[in-house]
Amino acid sequence: MKLNLKYSLIVLIISEIIFWSIGFGLYFYFSGLEDFKFENKEVLSYLFFARILILLFLGAQLLMKSRLQKYAEIKMLNKISNHFSSVRNSIKFSLFLAGISCFIIAFANPQFGKKEVDMSASGIDVIIGIDVSNSMLARDLSPALNRLEITKLAIRNMLNQLNGDRVGVVVFAGTAYSYIPITNDYEYIKQELSSINPGMLSAQGTSISNAIDVALESFGESKANKAIVLFSDGENHEENAIESVATAKKSGIKVYTIGMGTNKGVPIPMNRTGNDFHKDNTGKTVLTKLNEDMLREVASKGNGLYLKADKTKVNTQRILSDMSKIEKTTFKKKSFLEYEDKFQWALALGFLFLILELLIGKLIKL
């Protein structure tokens with residue numbers, strides 16, 4: 001009788017051994033090379049899930065045999081089932097499964113070889129200063145978000161609108177330091193923003209002068225035109241902020257300020273829950289409010305613009321529009337190594353297997 005599950009199982013086992021032997025052999029060979037990878041490696045796990053089809057195929061074969069045996073003896077079935085072949089059907093199924101497997105590999109997109117692409121960028125260098133003093137925990141702009149959290153949202157939105165400019169980040173309170181060196185990797189900056197908090201600096205207060213001085217140092221030897229954008233509530237506790245702005249202006253650097261807060265005095269939470277508030281030495285609750293006069297003066301002296309946050313929204317587009325007028329510099333060309341997609345080979349092989357599966361009845365008589 002040609003309807004024999006034993007033959008079907010043997011064909012399937014042999015085809016799977018061949019497929020996985022060749023597959024693992026090629027994978028380990030190419031994995032040993034530096035210039036090979038799968039763009040979507042996680043997709044390869046579907047190769048194992050696809051093997052569920054084998055169980056469905058064997059189940060269908062078993063069901064067919066069971067039904068046929070209800071109508072005839074084994075000897076009679078051998079005569080009437082000459083047109084049917086378990087071996088041929090198993091080969092056809094193996095080719096179909098191999099085709100599906102190749103499509104999965106193609107979707108995983110094997111990439112082999114590299115090509116160098118020369119790229120250049122034009123823009124300016126921008127240092128973003130973030131006030132991390134305790135007063136930035138106040139929730140006067142929104143009951144759900146504090147001033148610092150809204151600042152981070154505004155910076156992410158700002159980065160989404162930049163194109164080609166290099167950006168660095170300085171954090172400041174009573175002192176200041178460079179947190180992220182100048183880079184054009186905006187995604188990295190967005191990721192690092194989540195780690196910024198008032199506990200980063202032990203010296204409290206708001207030293208805008210230190211923020212500007214560290215920003216100037218962060219530019220290094222860059223010959224690009226520059227700008228500084230400060231997010232702060234403006235509660236400056238030093239008198240020399242204007243002197244630092246004058247130094248920046250002499251160097252042709254614009255200074256922009258963004259006021260984070262409202263003009264109404266509000267308490268400063270001790271933590272994110274807001275269950276307790278900062279108090280002075282007499283036990284009186286400390287209040288904080290936006291110092292617009294200071295921030296407006298810094299922006300004016302720095303030949304920039306002053307903006308004020310409106311609840312959770314900051315119209316950074318105004319600053320970006322003004323910065324776009326600054327003459328851009330073409331940065332040094334960099335060569336990036338890019339992988340070349342090779343999914344076409346697996347895709348073509350998959351179609352070949354499916355075509356053979358359709359023609360197998362005519363090409364092979366078993």
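Laboratory data are not the source of any read-out in this text; all were calculated from the coordinates shown. Please read these numbers as outputs of a predicted model, since none were measured by experiment. Counting neighbours? That spans all protein chains shown, and the Cβs are built from the backbone with ideal geometry, glycine included.
Structural remarks
- In this Cβ point-charge picture (+1 for Lys and Arg, -1 for Asp and Glu), region 122-330 has a dipole of about 560 debye about its Cα centre.
- Positive contributions from Lys and Arg (+1) and negative ones from Asp and Glu (-1), summed over other residues with Cβ under 14 Å from the Cβ of Lys313, come out at +4.
- Amide H to amide H distances under 5 Å link Lys308 with Gly259, where only residues 5 or more positions off or on other chains count and H is placed in the peptide plane.
- When both region 181-205 and region 149-167 are represented by their alpha-carbon centers, they are found 12 Å apart.
- Ordering Lys254, Lys311, Lys328 from the fewest to the most neighbouring beta carbons within 10 Å gives Lys311, Lys328, Lys254.
- Diffusion coefficient, µm² s⁻¹, Stokes-Einstein with Kirkwood Rh over alpha-carbon pairs of region 245-319 at 37 °C and 0.692 mPa s: 228
- Footprinting exposure proxy ranking of Phe172, Phe28, fewest other C-beta atoms within 10 angstrom first, gives Phe28, Phe172.
- Over all projection directions, the Cα-based convex hull of the chain averages an area of 28.6 nm².
- Only Cα sites of region 122-330 enter the Debye sum here, all with the same form factor; the resulting log10 I(q)/I(0) across q = 0.11, 0.14, 0.15, 0.17 1/Å is -0.46, -0.75, -0.87, -1.13, listed in q order.
- You can think of it this way: the chain between Phe107 and Phe30 has 26.0 nm of extra reach, that is 0.36 nm per residue less the Cα-Cα gap.
- Cα centre as origin, Lys/Arg/Asp/Glu Cβ charges: the chain dipole, Debye: 2420
- Footprinting exposure proxy ranking of Asp322, Asp233, fewest other C-beta atoms within 10 angstrom first, gives Asp322, Asp233.
- With at most 16 neighbouring Cβ atoms within 10 Å, loop GluC sites (Glu not before Pro) (DSSP) excluded, longest segment of the chain: 74-220
- Structure-based [θ]222 nm, the chain - -39500 (n - 2.57) summed over DSSP H runs of at least 4, per residue, nearest 500: -14000 deg cm²/dmol
- Cα gyration tensor shape for region 165-236, rounded if a/c is under 1.5, else prolate or oblate: oblate
- Relative contact order computed over the chain (Cα-Cα under 8 Å; 6+ residues apart), in percent: 23
- Dipole of the chain, positive direction: furthest Cα of Asn281, Ile22, Ile360, with charges on the beta-carbon: Ile360
- Of the DSSP H helices in the chain, those that are both long (alpha-carbon extent of 18 Å or more along the helix axis) and hydrophobic (Kyte-Doolittle mean at least 0.0) are 5-31, 52-68, 86-108, 343-363.
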